[in-house]
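Working notes, beginning with the structure itself.
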């Protein structure tokens, strides 16, 4: 990510600081990051987060020890996860992909509440009466602001907005979400919209993803749907994300959607493009749109070139470094 940012060229100089936090830090120190790490990060304009995870560390510790505190402390309530077909990357769906119908979806994930609020309790642990409660938190402020952001983006871009919920079964949280959606829909009468239950949405993403342009959903639903979106557009090696507070006041977090892929860790064959695309989203969000556009063009050119290196997940034999070198070379060539 850093090499591509440096190679994008032009504009102000970027200053970097690296922190060794994550599962390696946990295995040494017993925690994912030091106390007060969010105070340290608040001084920066943006956070580039590498893939985090290790089979020796439970996933909930990985998430709650590093990433989820950043989302909540910095109030990063919008998680943007684009899913689009790219030149030279085959699509598993008939009729979609290079030379055929494109997929171009912007998923908007509510990122601080819902099913990931971290609220719950465990009773009678280790006994036959063991009971676990996991609460989902939906506030009017939290739901309305992410839906309003989505309506505003749809209005600004002229694209159709799809709302996803499960109001037929979740009679409190999802009904509340649907109620606020209906209120805002009247306010944004000029925006083209449709709605789906999340199970039907999953089916239609596979059957006809071209009908979707902007999709908004709660924390858990969007997390699942965006992995499906990655699966139909080339895999998690191309899935980027931006976690932002549109009002500012805190650094956004930009990271690939994929995890640390322990099965190939240390082999040097992981696809770097999701991380590089995330760096491009960082540029776009931080007033360096030309840099972000240059990164996007470079990746598109590399993928469109049948002679360019590709990592194994895209059918090639190239290393992570070789693919990164190809993107950097395109950036420097202009």
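Do the conditions hold for residue 148, that is, is it in contact (Cβ under 8 Å) with a residue 12 or more places away in the chain, loosely packed, with under 15 Cβ neighbours inside 10 Å and either in a helix (DSSP H, G or I) or touching a helix residue (DSSP H, G or I) at 6+ places or on another chain (Cβ under 6 Å) (or both)?
no
Is it the case that some residue within region 304-312 is touching a strand residue (DSSP E or B) at 6+ places or on another chain (Cβ under 8 Å), within 25 Å of residue 54 (Cα to Cα) and at pLDDT 95 or above?
No, region 304-312 contains no residue that is touching a strand residue (DSSP E or B) at 6+ places or on another chain (Cβ under 8 Å), within 25 Å of residue 54 (Cα to Cα) and at pLDDT 95 or above.
List every residue pair whose Cβ atoms lie under 6 Å apart, where the two residues are 6 or more positions apart in sequence or sit on different chains, the first residue falls within region 233-261 and is on the phi > 0 side of the Ramachandran plot and modelled with pLDDT under 95, and the second residue, located anywhere, is buried (at least 22 other Cβ atoms within 10 Å of the Cβ) and part of a loop (DSSP other than H, G, I, E, B).
From region 233-261, the pairs are 261/270.
Inspect all residues belonging to region 222-239 and state whether any of them is touching a strand residue (DSSP E or B) at 6+ places or on another chain (Cβ under 7 Å), crowded, with 21+ Cβ neighbours inside 10 Å and closer than 24 Å to residue 73 by Cα.
The answer is yes; a qualifying residue exists.
Which pairs have Cβ atoms under 7 Å, sit 6 or more apart or on different chains, and link a residue in region 263-277 that is on the phi > 0 side of the Ramachandran plot to one that is outside any helix (DSSP H, G or I)?
Note: pairs meeting the criteria are 268/319.
Testing residue 259 on (1) over 20 Å from the mean Cα position of the chain (by Cα); (2) surrounded by fewer than 15 Cβ atoms within 10 Å (Cβ to Cβ); (3) assigned to a loop (DSSP other than H, G, I, E, B), one condition comes back false. Which one is that?
Only one criterion is unmet by residue 259, namely (1).
To keep it simple, each residue is scored yes or no on (1) closer than 30 Å to residue 297 by Cβ; (2) under 20 Å from the mean Cα position of the chain (by Cα); (3) surrounded by fewer than 14 Cβ atoms within 10 Å (Cβ to Cβ).
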| residue | (1), (2), (3) |
| --- | --- |
| 63 | no, yes, no |
| 85 | yes, yes, no |
| 100 | yes, no, yes |
| 107 | yes, yes, no |
| 129 | no, no, yes |
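Under 6 Å by Cβ, and 6 or more places apart or on different chains, what pairs join a residue from region 185-213 that is on the phi < 0 side of the Ramachandran plot and in contact (Cβ under 8 Å) with a residue 12 or more places away in the chain with one that is surrounded by fewer than 16 Cβ atoms within 10 Å (Cβ to Cβ) and assigned to a loop (DSSP other than H, G, I, E, B)?
Listed pairs, sorted by first residue: 192/160; 213/160.
Scan region 109-127 for residues that are assigned to a loop (DSSP other than H, G, I, E, B) and surrounded by 16 or more Cβ atoms within 10 Å (Cβ to Cβ) and report the count. Let's see the steps before the verdict.
As a first pass, look at region 109-127 and keep what is assigned to a loop (DSSP other than H, G, I, E, B): 111-113, 124-127.
Keeping just the survivors that are surrounded by 16 or more Cβ atoms within 10 Å (Cβ to Cβ) gives 111-113.
Here the count works out to 3.
Would it be correct to say that residue 210 is farther than 21 Å from residue 136 by Cα, surrounded by fewer than 18 Cβ atoms within 10 Å (Cβ to Cβ) and at pLDDT 95 or above? Before you say what the answer is, go through the steps one by one.
Values: farther than 21 Å from residue 136 by Cα: yes; surrounded by fewer than 18 Cβ atoms within 10 Å (Cβ to Cβ): yes; at pLDDT 95 or above: yes.
So residue 210 fits the description; yes.
Given the options 301, 279, name the one that is surrounded by 19 or more Cβ atoms within 10 Å (Cβ to Cβ) and part of a helix (DSSP H, G or I).
279
Can you tell me which residue within region 36-70, out of those that are assigned to a loop (DSSP other than H, G, I, E, B) and free of Cβ contacts under 8 Å to residues at least 12 places away in the same chain, is nearest to residue 20 (Cα to Cα)?
Of everything passing the filter in region 36-70, 36 is nearest to residue 20 (Cα to Cα).
Between 76, 93, 86, which is outside any strand (DSSP E or B), at pLDDT 95 or above and touching a strand residue (DSSP E or B) at 6+ places or on another chain (Cβ under 7 Å)?
Working: 93 fails: touching a strand residue (DSSP E or B) at 6+ places or on another chain (Cβ under 7 Å); 86 fails: touching a strand residue (DSSP E or B) at 6+ places or on another chain (Cβ under 7 Å).
After applying the criteria, what remains is 76.
The values are calculated or read from the model by the stated rules, or taken from the named source; none is laboratory data. As the structure is a computational prediction, the values presented were derived from the model and not from experiment. Cβ coordinates were reconstructed from backbone atoms using ideal geometry, including for glycine residues, and neighbour counts include every protein chain displayed.
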